[in-house]
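Trainee: Take this structure, written in structure tokens, and hold onto it; I'll ask about it next.
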Number of protein chains: 2
Amino acid sequence: MQTRQRRSRLIDFVRVRGFASLDDLVRELGVSESTIRRDLDALEEQGTAKRTHGGVLYAGGHARLPEFDERQPAHWGAKRAIAAAAAERIHDGETVLLDGGTTTYEVARLLVGRSIQVVTNSLPVANLFASESRADLVLLGGYVSPRTGVCLGPYANELLGRLHVTTTVLSAAGITAEGLYNAHLLLAETEQAMLRAAGQVFVVADSSKFGRKSLTFVSGLDSIDLLVSDTGLSEEWRQQIAAAGVDLVVVEPAPNEPLDGDHHPHRDDRSKPSREHHT
Amino acid sequence: MQTRQRRSRLIDFVRVRGFASLDDLVRELGVSESTIRRDLDALEEQGTAKRTHGGVLYAGGHARLPEFDERQPAHWGAKRAIAAAAAERIHDGETVLLDGGTTTYEVARLLVGRSIQVVTNSLPVANLFASESRADLVLLGGYVSPRTGVCLGPYANELLGRLHVTTTVLSAAGITAEGLYNAHLLLAETEQAMLRAAGQVFVVADSSKFGRKSLTFVSGLDSIDLLVSDTGLSEEWRQQIAAAGVDLVVVEPAPNEPLDGDHHPHRDDRSKPSREHHT
DNA sequence: TGACTTATGGTCGCCTTCAACCATACTACG
DNA sequence: CGTAGTATGGTTGAAGGCGACCATAAGTCA
């Protein structure tokens, strides 16, 4: 009766590796393929593991945040290109404050491996840097919003009040001529604190955000130093932004599925995901 | 020439889901199976994805913390049993403060889905509860230690000073008659703050920790209310702990591979992973 | 002791997946 | 215009995984 032990070892094994083939498990546990199959059936029914053709996938841990699951293909290409343009403008040795949100998360992905200091209130962003020995990571504490995985509340704001960073990379739910808007009341306060802590402020927002308001006002355009968006931005908006004294970088949402109509990209570069036009 | 777009979408898709079958990808991307296969070959060579029989596994993100990868089989059975015993003693509606460490992580895993409030300084623990709507999560901020993924430093301690929790579940690197020891200087301070914030204190530590000192002294045994360990604990230690006025729960490290010599466990229960002896 | 339950390992068709090959369409280049 | 390179889709024989069935062993219960 060592079946419980074996299954326990099995799930440990799968958890550590994320995935294991039937053959791996036969070798690791020293039992027959049939037994492994029965174990997997049991564990799948129990919900701990998920079978695939040829192996098992760990299903127990790694909760996923809903916001990151729903990808809107139309915006993803833009988000990635915007993130690339923002990440290019952050240099080694800087201290970067990263907001929550999917676009800033993309920025964070591109910063992994760089020698920087990262401050963030976003749990997904923190995970990216947690095991990075090259980057120092400071996490803002407080209440964690279940939907987005960001830290909110007075504690986060208070800690921010005592920090100073080179660059803050902020997201926004909406942008109008008045300024930035966000969908969460507490988050707005935290973002205001982020603005105060920053030497310079980048805002990353795809063109669909412009002209939209959201629940709460965060800040006027005057506190922004650089705004990164995509080519979907109309000429009027570009002028309004320039009039507000904000630098604007517009990138092409190229490497994904959206429109990307008839022009010939003529790519022979391998890594650069987009071209950009600076005003 | 939309192959780069397609591959970009492919890896996005795989990243979000963690795993995707060939058929999923055919449906999602609207190209033939052959094309998908070629894409996967390319992406695998590039290192972004890992092929398995029947599908792909995302290989790019999800940095894993080294401490959680190395599983010492001899201790894992004990850790799991200890965690189960500790989790049983936490009731719905309580506020629980969870320390970092692998044993406390196991406790956290067992608490997922319960209606509790969780406070933690551990990033892996926070991830478990981040998308849990049933549990409220408060994360301590501060500098994140790259090896263990826990938040340290004055900010964490300061926030702790303003909190009060029902139960603190603490880990330890070593336990002697004098008390608890830990391997990290800053963490010791944070753990002292955790003790001050707690109504009652549980310490989870397998028997190998006893008699070992570590870098810094954390606290005397008198601040502990309950100590959970495994049957490897010698009779002398049990008496010493009892003499210090600490409740002791000893569990059998059964359901894993270690020794587990000649005694007959006689299990006919299905869910209880261990028997325990309360003093 | 005998019937029953459970755990395990082996085998046998059936189905899926794989890798390789071939045909087609499109582009680039001379 | 022809040739070469590339991207794609379809097919096919081979390999491997899958589920079901059966046999064996050990333990449980009456």
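The values are calculated or read from the model by the stated rules, or taken from the named source; none is laboratory data. What you see is a predicted model; the values in this text were computed from it and never measured. For neighbour counting, all protein chains shown are included, and Cβ atoms are generated from backbone atoms with ideal geometry for every residue, glycine included.
Trainee: Which residues, counting only those in the range B:160-185, are under 28 Å from B:A242 (Cα atoms) and assigned to a loop (DSSP other than H, G, I, E, B)?
Mentor: Keep residues of the range B:160-185 that are under 28 Å from B:A242 (Cα atoms), which gives B:164-184.
Selection gives B:H164, B:S171, B:A172, B:A173, B:T176, B:A177, B:E178, B:A183, B:H184.
Trainee: Then there is this: Kindly indicate the residue of the range A:91-110 that is within 13 Å of another protein chain (Cβ to nearest Cβ), within 12 Å of the chain's Cα centre (by Cα) and of a type outside the set (G, A, S) and also surrounded by the most Cβ atoms within 10 Å (Cβ to Cβ) among those meeting that condition.
Mentor: A:Y105
Trainee: Please determine, by comparing only the residues of the range B:41-52 that are within 11 Å of DNA strand C (Cβ to nearest atom) and within 14 Å of chain A (Cβ to nearest Cβ), which one is surrounded by the most Cβ atoms within 10 Å (Cβ to Cβ). Talk me through it step by step, then tell me what you get.
Mentor: Narrowing the range B:41-52 to residues within 11 Å of DNA strand C (Cβ to nearest atom): B:41, B:44, B:51-52.
Remaining after also requiring within 14 Å of chain A (Cβ to nearest Cβ): B:44, B:51-52.
Numbers: B:E44: 15, B:R51: 15, B:T52: 20.
For the range B:41-52, the residue satisfying everything is B:T52.
Trainee: Could I ask something else about it? Inspect all residues belonging to the range A:66-75 and state whether any of them is among the aromatic types (F, W, Y) and either crowded, with 19+ Cβ neighbours inside 10 Å or at pLDDT 85 or above (or both).
Mentor: Keep residues of the range A:66-75 that are among the aromatic types (F, W, Y), which gives A:68.
Among the residues that remain, those that are also either crowded, with 19+ Cβ neighbours inside 10 Å or at pLDDT 85 or above (or both) are: none.
For the range A:66-75, residues among the aromatic types (F, W, Y) and either crowded, with 19+ Cβ neighbours inside 10 Å or at pLDDT 85 or above (or both): absent.
Trainee: Test A:F202 against the stated conditions and say whether it is touching a residue at least 12 places away in the same chain (Cβ under 8 Å), aromatic (F, W, Y) and under 18 Å from A:T102 (Cα atoms).
Mentor: Numbers: touching a residue at least 12 places away in the same chain (Cβ under 8 Å): yes; aromatic (F, W, Y): yes; under 18 Å from A:T102 (Cα atoms): yes.
For A:F202, the condition - touching a residue at least 12 places away in the same chain (Cβ under 8 Å), aromatic (F, W, Y) and under 18 Å from A:T102 (Cα atoms) - is met.
Trainee: Now a separate question. Would you mention how many residues in the range A:128-146 are assigned to a loop (DSSP other than H, G, I, E, B), out of contact with any Lys or Arg (no Cβ under 7 Å at 6 or more places or on another chain) and facing chain B (nearest Cβ under 8 Å)?
Mentor: 5
Trainee: If A:V150 satisfies all but one of (1) more than 14 Å from chain B (Cβ to nearest Cβ); (2) farther than 14 Å from A:V96 by Cα; (3) surrounded by 22 or more Cβ atoms within 10 Å (Cβ to Cβ); (4) not basic (K, R), what's the number of the condition it fails?
Mentor: Only one criterion is unmet by A:V150, namely (1).
Trainee: Within the range A:20-39, take every residue that is touching a residue at least 24 places away in the same chain (Cβ under 8 Å) and among the aliphatic types (A, V, I, L, M) and give me the one that is farthest from DNA strand C (Cβ to nearest atom).
Mentor: Restricting to residues being touching a residue at least 24 places away in the same chain (Cβ under 8 Å) and among the aliphatic types (A, V, I, L, M), the top hit is A:A20.
Trainee: Next question. If a residue has to be on the phi > 0 side of the Ramachandran plot and exposed (fewer than 13 other Cβ atoms within 10 Å of the Cβ) to count, how many in the range A:208-253 make the cut?
Mentor: 1
Trainee: For the range A:1-41, how many residues meet the condition of being within 13 Å of DNA strand D (Cβ to nearest atom) and either among the basic types (K, R) or part of a helix (DSSP H, G or I) (or both)?
Mentor: Our first condition is that a residue be within 13 Å of DNA strand D (Cβ to nearest atom); within the range A:1-41, this holds for A:1-3, A:19-27, A:32-41.
Those left that are additionally either among the basic types (K, R) or part of a helix (DSSP H, G or I) (or both): A:3, A:22-27, A:33-41.
Final tally of qualifying residues: 16.
Trainee: Right, another one. Quick one: is A:A193 assigned to a loop (DSSP other than H, G, I, E, B) and within 19 Å of A:F217 (Cα to Cα)? Spell out the reasoning first.
Mentor: Values: assigned to a loop (DSSP other than H, G, I, E, B): no; within 19 Å of A:F217 (Cα to Cα): yes.
When the stated conditions are applied, A:A193 does not pass them.
Trainee: Kindly list the number of the only condition in (1) assigned to a strand (DSSP E or B); (2) within 18 Å of B:G141 (Cβ to Cβ) that fails for A:N157.
Mentor: (1)
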